[in-house]
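Input: a single structure, listed below in structure tokens.
The values are calculated or read from the model by the stated rules, or taken from the named source; none is laboratory data. Just so we're clear, the structure is a prediction, and the values are computed from it rather than from any experiment. Neighbour counts are summed over all protein chains in view; Cβ atoms, including those assigned to glycine, are modelled from backbone coordinates with ideal geometry.
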Amino acid sequence: MIAIFQREFFGILRLRRAVVAMVAMAVCSGLLVLARWPSEALVDLSGSQARQVFRIFTYGMLAGVLLLAPAWPATSFVQERRRGTLALLFNTPLSKLAIYAGKLSGVLAFVGLVLITSLPAAAACYAMGGIDLTQDLGSVALVLSVATLQYVAVGLLVSTFANSTDSAVRTTYAVVFSLCFLALGPHYFLQGQEGWTPLLAAWLRRVSPLPVLMHLVGQGSVGSQGLMESSSGMPEYLLASLVVTAGVMIATLVQLHSGIFDRSRSQGLITDEQSLGVRAARRVFFLVDPQRRSAGIPFWLNPVMVKEFRTRRFGRLHWILRLVAACAVVSLLTTLAATTGTVDWGVETIGGLLVIFQVLLMVLLTPSLTAGLISGERESGGWDLLRMTRLSGWQIAVGKLMSVAWTLLLVLLATLPGYIVMIAIKNVMWLQVSLVIVCLLLSTLVTLAVSAAVGSLFSKTTTSTVTAYVVLLAMFFGPLLIWLGRDAPFGYEVVQAALSITPAPAALSVIGMPGFEQYELIPLAWWVAAGVSGLSFAFLFARIWRLMRPS
Amino acid sequence: MISTAGPVVVTHELTKRYGEFTALDNLSFMLDRGQILGFIGPNGAGKTTTIKILVGLMRPTSGSASIAGADCVRDARRIKRLVGFMPDTFGSYDNMRVREYLDFFGAAFGIGRRERTRRIDEVLETTGSTYMRDRYVESLSHGMKQRIGVARTLLHDPDVLILDEPANGLDPQARIEMRELLLRLSDMGKTLIVTSHILPELSRICNIVAIMTKGKLRAFGTLDQIMQAIRQRRTFEVQLVEGTKAAEVAEAVTKGLDETEQRSVAAHESEAVVRFQTSRSDADLADLLGGLVRASLGVAQFREVPTDLEDAFLTVTRES
């Protein structure tokens, strides 16, 4: 186990991105504290300024854990399996448990090291006074440690199932963000009600570290609809989180013992060669049969776009239909739950929830589809083959971007029925809804452009996907951290400027979501979005032009 | 279709430098239509650099290269039409069946839908891969992928095929199939440039061989021409009826050679063989054989040990 730990830990430390992560964490946490460090020679006896700094520091640390912890474990097993070193490891006298424990502890040690780089900032926070070492800093450290353990365990589990490193990274981020953010959703709708479902929703919420951390920094009321909780929920969080982590660990060990090498090769089963009955049954069941022999690419379609759809596991038509249907159902259920719930939220809150749901979907989905557009080709050796065809750089870029744009547009359209219900309830809102839709389209454009541009910088899909996620999450959720500190420590002007970075807060402002309604974000947010998208596309095309040229 | 007259592939003083390092140094050669050129050399010899310049993926520092009159740097579009390139990495796409994979590349080469369907069937037939058409690309074995790689290069019916290590990692059966496939392509009038580390394979299919080391072309021509150019001494073997006479025969042979050649004489009693190296003419060797026969030493056979591509390669690379 020690050998595995050493190899994992020092292996990660040798990577350039590991150094970048450590430096970034130290610099960012330091800057967060520095930004709110008192500049006047006044004594803050109430400790409110220290609490403000502590709040920003805590959210920054959570963002760090969310972005950094899943990246390394997600590639751990899948990379070893593809290189063939996992079979060599399994052939040693080491038990599967020892291998797993070595990998888990190696990654945890590295993430711990990254978090330790924020200690000077934490010490500065403490030095300001008003922060208790055990009650505040200690509790935050405990929550973040448990969250890190959970996310690393999730990453390792995904890694045992995944077939490629980039799909492992994508899936891990999706699961981790779902555990942190989407787990809060059901409780938001069902709080205050009685019965099994609200109880389950409350426990599901406990899996996320967010409510505990918000309570610790004095923002427990956000999203509580006025139903204040007396305790921080720390014991419940620790219990729920550790139970989930234990379950994930057991599942990983089971997978290591049985299934990791047990994958058969496709035998090329084709429906066209099946009996008439089977063909008819599959047509009814699938609508679009994934095993039907596909027709050739017609001349009016960009071949790169078709190729992109076909090479994505969920890019095939039958999966897109399912995704669109699921989005439509969730959108309608959200509206239904809100309108029939015991708490009267008003149309504005419902609209705000829909916007948050759509933006979350876009930010989580887009980098996974877009970041590897160029780096995936370069990594697999397909780029040279594409260069040898008669396709121009422009055709390649447009084909690739359109394949993502169509998917995102379909998903976005599928989430719109909720707005139709809103207009039916309060039909004067049609103008607001139109503006919201423009904001959402621009948000989609920004996510697409930025993640494609960022992804084109790298030759490895894993690096490009992780970097695109980090950049997009910083762009979309960074301003929300500043918004959480509105009035104190940040003033109106600062919050307004921060919220204008992306059009998502503008959508919340237009729909009148409580907390956002006072900001005037349109048209500045639109201009910024158009400008950022334009620059990103220009950069992407320049990059592709450069990569297409003889080296 | 390119002209049958004149060379198809021409490089003139092709040079590629990376700072101080010279990857390719004044490479000049010509290749005629229908020929198969075997490009050999140790790792880092400059083979892949040459290939990448020929297919337009890399720009030379100086010199020029052309295929059927099209400049490899300036006429990129014509080069793409004329050349089919199979790199040493397959470039597979996940979740795609073989037919879809070929369909995509056919469409990328601008082949119409109906024509593409016909071409896909043809190239699958040519490469003996028809049975794989509905398999997922990522599920294919290495040998299968190599054959699909060749099928991909044939899709737009190029006149020149450039294949980087097509036999790499193949089992003996797949290697034989690949060899037969390449010969079949040559019969179809295609000009082939093939790199390989498996020299016996190359020697069986190539009309022309180019040996490169450290970015320089050390030998170029037919295998016989290269052998003649590199061999200053030929190796001979005297097979005896009895091994006990080996020392006696070795002594007789030594007397017939000059001082520097005498050291090469080796008697192998267990094999009943005496081997030696000499640069003497066939007439001198006939005298030597006559002397051995007259001395009644039990000579069963007197033969020249054939030099193969491996010997030529080792000789050239050692000299360089």
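Taken over the range A:84-104, residues that are crowded, with 20+ Cβ neighbours inside 10 Å and without any contact (Cβ under 8 Å) to a residue 24 or more places away in the chain amount to 0. For beta carbons closer than 7 Å, sequence separation of 6+ or different chains, a first residue in the range A:105-132 that is over 21 Å from A:Leu216 (Cβ atoms) and a second that is surrounded by fewer than 16 Cβ atoms within 10 Å (Cβ to Cβ), the qualifying pairs are A:Phe110/A:Leu13. Of all residues in the range A:522-551, those satisfying the criterion of being of a type in the set (D, E, K, R) and either within 14 Å of chain B (Cβ to nearest Cβ) or within 24 Å of the chain's Cα centre (by Cα) (or both) are A:Arg546, A:Arg549.
Tally time: how many residues in the range A:447-462 are within 13 Å of A:Ile374 (Cβ to Cβ) and under 15 Å from the mean Cα position of the chain (by Cα)? Number of matching residues: 1. Scanning the range B:62-90 for residues that are within 11 Å of another protein chain (Cβ to nearest Cβ), touching a residue at least 24 places away in the same chain (Cβ under 8 Å) and part of a loop (DSSP other than H, G, I, E, B), we see that the one that is surrounded by the most Cβ atoms within 10 Å (Cβ to Cβ) is B:Pro87. Assessment of the range B:53-61 against the conditions (more than 10 Å from chain A (Cβ to nearest Cβ), hydroxyl-bearing (Ser, Thr, Tyr) and not in a loop (DSSP other than H, G, I, E, B)) yields no matching residue. Being among the β-branched types (Val, Ile, Thr), more than 20 Å from A:Ser167 (Cβ to Cβ), modelled with pLDDT of 80 or more and in the same structural domain as A:Ser464 (by TED's automatic domain parsing) is the requirement here; does A:Val347 meet it? Against the criterion (among the β-branched types (Val, Ile, Thr), more than 20 Å from A:Ser167 (Cβ to Cβ), modelled with pLDDT of 80 or more and in the same structural domain as A:Ser464 (by TED's automatic domain parsing)), A:Val347 does not qualify.
Among the strands (runs of 3 or more DSSP E) confined to the range B:165-268, the ones with at least 1 residues that are surrounded by 15 or more Cβ atoms within 10 Å (Cβ to Cβ) and in contact with a Lys or Arg (Cβ under 6 Å, 6 or more places away or on another chain) are located at B:191-195, B:208-213, B:234-240.
Of the residues making up the range A:289-305, those that are more than 7 Å from chain B (Cβ to nearest Cβ) and loosely packed, with under 14 Cβ neighbours inside 10 Å are A:Pro290, A:Ala295, A:Trp300, A:Leu301. Scanning the range A:52-106 for residues that are polar (S, T, N, Q) and closer than 19 Å to A:Cys28 by Cα returns A:Gln52, A:Thr58.
Results for (1) away from every other protein chain (no Cβ under 12 Å); (2) touching a Gly at 6+ places or on another chain (Cβ under 7 Å); (3) crowded, with 19+ Cβ neighbours inside 10 Å, shown as yes or no for each residue.
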site	(1), (2), (3)
B:Glu115	no, no, no
B:Ile120	no, yes, yes
B:Leu124	yes, no, yes
B:Arg133	no, no, yes
B:Ser141	no, no, no
B:Ala151	yes, no, yes
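Is there a residue in the range A:191-200 that is modelled with pLDDT of 85 or more and under 27 Å from A:Gly485 (Cα atoms)? Checked the range A:191-200: no residue is modelled with pLDDT of 85 or more and under 27 Å from A:Gly485 (Cα atoms).
Can you confirm whether the range A:480-499 contains a residue that is within 25 Å of A:Ser368 (Cα to Cα) and touching a residue at least 60 places away in the same chain (Cβ under 8 Å)? Yes, the range A:480-499 has at least one match. Say we look at the range A:374-423 and pick out the residues that are assigned to a loop (DSSP other than H, G, I, E, B) and away from chain B (no Cβ under 14 Å); which of these is surrounded by the fewest Cβ atoms within 10 Å (Cβ to Cβ)? Within the range A:374-423, the match that is surrounded by the fewest Cβ atoms within 10 Å (Cβ to Cβ) is A:Leu416. When the range B:298-320 is filtered for residues that are touching a strand residue (DSSP E or B) at 6+ places or on another chain (Cβ under 7 Å), modelled with pLDDT under 85 and farther than 17 Å from B:Pro42 by Cα, the ones remaining, listed by number, are B:Glu304, B:Val305.
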